[in-house]
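Reviewing the structure listed below.
The values are calculated or read from the model by the stated rules, or taken from the named source; none is laboratory data. As the structure is a computational prediction, the values presented were derived from the model and not from experiment. With ideal geometry, Cβ positions are generated from the backbone for all residues, glycine too; neighbour counts draw on all protein chains shown. For accessibility, only protein heavy atoms count, side chains too; no ligands or nucleic acids. Shrake-Rupley method; radii C 1.70, N 1.55, O 1.52, S 1.80 Å.
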Amino acid sequence: MITDILEKNDFSAADLAELISAENNDDIEFIRNKAYEVMRLHVGEEVYYRGLIEFSNICTSDCYYCGIRKSNTVPKRYTLTKEEILTQAKWCAGEGYGSLVLQSGERNDERFIEYLEEIITSIKNETKSVKLPDGLGVTLCVGEQTANNYKRLFDAGAHRYLLRIETTNRELFEKIHPETQSFDERVNCLKLIKEAGFQLGTGVMIGIPGQTALDLANDLLFFRNMDVDMIGMGPFLANRNTPMYIKGNDSEDEKQKIYRLSLKMIAVARIFLKDVNIASTTALQAMYPFGREEGLRYGANILMPQLTPTEYRKDYQLYDGKPCIDEDADDCAECLEARVKFVGRQVAFDSWGDSKHFKSRVAKSQ
Ligand code: 5AD
């Protein structure tokens, strides 16, 4: 029984898989309520914003699912100038968003790292205010790097790093990535990110063809074993310009299934991991207009408002159906706060909203 499992203090892979597989509406509602209660108890009801700037779609990787993979000739490749990024960062600070995420395709060359160091330093210096004495909180999402690069980016002032493991099923990982990418290396990078001092975030895609409920349960166990601070996960959405696109595989039934699975994964992650930050990702909204708000109702506490300048958004479509590609950040700001209030939550402005898990992890190690 789902209700019996929910009473437990710890969960086996089988327990987690059973929760994730719940189909009955009453059972799902039990899970959602439990997740909400755990969230309220461990991280509170506030929602924190991280303004998302997708600053470059140039990528040296060729992941089979991703719309900006290097072999895809569709997107026009771009990299924002430092000034363009700073304009968005200042807007973000002005709106009271305490943090931003700098996301891009993967590059490891020296020029890229130097450019990023400079940008991080400028953002930190130029967004200081009475309310944010240390400037905006900066999260990076720029892929696999060397230990030295992670260290340099941390020293420049970024303090959180998100690198998804995508799936912890090694065979599945190998199926969706070219041979140049290895599961072990990805895991190693997660360790290096933590060693560099970052708050560590990871996550998976949900509904990858061939992925089972037990795989997802193992993903959650992996998050716990890695002692991660933040989770960013969302539905797998095939992009038509990638090798993983299968024509005719996008029925409404299939979509509903993956959507519900994603919401359940958020809830079960909250129940299992308790005090981590969990993002309700844009990919959920790409499926259904209120998908991101639903994510909040299932225990997520982080939203990532889109701050990529509008003219570039069409070229940063990792998956099909990306929302808000014609709107600018101002439109998104108004619409988003109303949506958060609609589900009975408040946005916590002018604070970083760091992971509570990170704080207790650091306290324990001292
Ligand atoms: N569907 C869903 N998520 C995707 N990502 C990339 N391509 C897709 C897709 N087709 C996610 C990956 C990556 C993150 C930046 O975007 O999980 O880590």
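List the pairs whose first member sits in the range 201-222 and is aromatic (Phe, Trp, Tyr), whose second member is within 15 Å of the ligand (Cβ to nearest atom), and whose Cβ atoms are under 8 Å apart, counting only residues at least 6 apart or on separate chains?
Close Cβ pairs (under 8 Å, with a partner that is within 15 Å of the ligand (Cβ to nearest atom)) amount to 222/165; 222/168.
For the range 209-224, does any single residue satisfy the condition of being within 25 Å of residue 74 (Cα to Cα) and within 16 Å of the ligand (Cβ to nearest atom)?
yes
Looking at (1) open to solvent by 40 Å² or more (accessible area, probe 1.4 Å); (2) within 16 Å of the ligand (Cβ to nearest atom); (3) touching a Phe, Trp or Tyr at 6+ places or on another chain (Cβ under 8 Å), find the lone condition where residue 164 falls short.
Among (1) open to solvent by 40 Å² or more (accessible area, probe 1.4 Å); (2) within 16 Å of the ligand (Cβ to nearest atom); (3) touching a Phe, Trp or Tyr at 6+ places or on another chain (Cβ under 8 Å), the lone unmet condition for residue 164 is (3).
Out of everything in the range 68-81 that is open to solvent by 60 Å² or more (accessible area, probe 1.4 Å) and out of contact with any Pro (no Cβ under 9 Å at 6 or more places or on another chain), what residue ends up being farthest from residue 238 (Cα to Cα)?
81
Would you point out the residue of the range 229-256, among those that are more than 14 Å from the ligand (Cβ to nearest atom) and not acidic (Asp, Glu), that is most open to solvent (accessible area, probe 1.4 Å)?
Only one residue fits best here, namely 247.
Give the residues of the range 164-182 that are under 18 Å from residue 232 (Cα atoms) and out of contact with any Asp or Glu (no Cβ under 7 Å at 6 or more places or on another chain), sorted by residue number.
164, 165, 166, listed by residue number.
Test residue 101 against the stated conditions and say whether it is β-branched (Val, Ile, Thr), within 13 Å of the ligand (Cβ to nearest atom) and crowded, with 21+ Cβ neighbours inside 10 Å.
Taking the combined requirement at face value, the residue satisfies it.
For residues in the range 26-58 being in contact with a strand residue (DSSP E or B) (Cβ under 8 Å, 6 or more places away or on another chain) and assigned to a loop (DSSP other than H, G, I, E, B), which is farthest from residue 262 (Cα to Cα)?
It comes out as 58.
Do we find that residue 325 is touching a residue at least 60 places away in the same chain (Cβ under 8 Å) and either hydrophobic (A, V, I, L, M, F, W, C) or away from the ligand (no atom under 16 Å from the Cβ) (or both) in this structure? Break it down into steps so the answer makes sense when it comes.
Numbers: touching a residue at least 60 places away in the same chain (Cβ under 8 Å): no; either hydrophobic (A, V, I, L, M, F, W, C) or away from the ligand (no atom under 16 Å from the Cβ) (or both): yes.
Answer is no for this residue.
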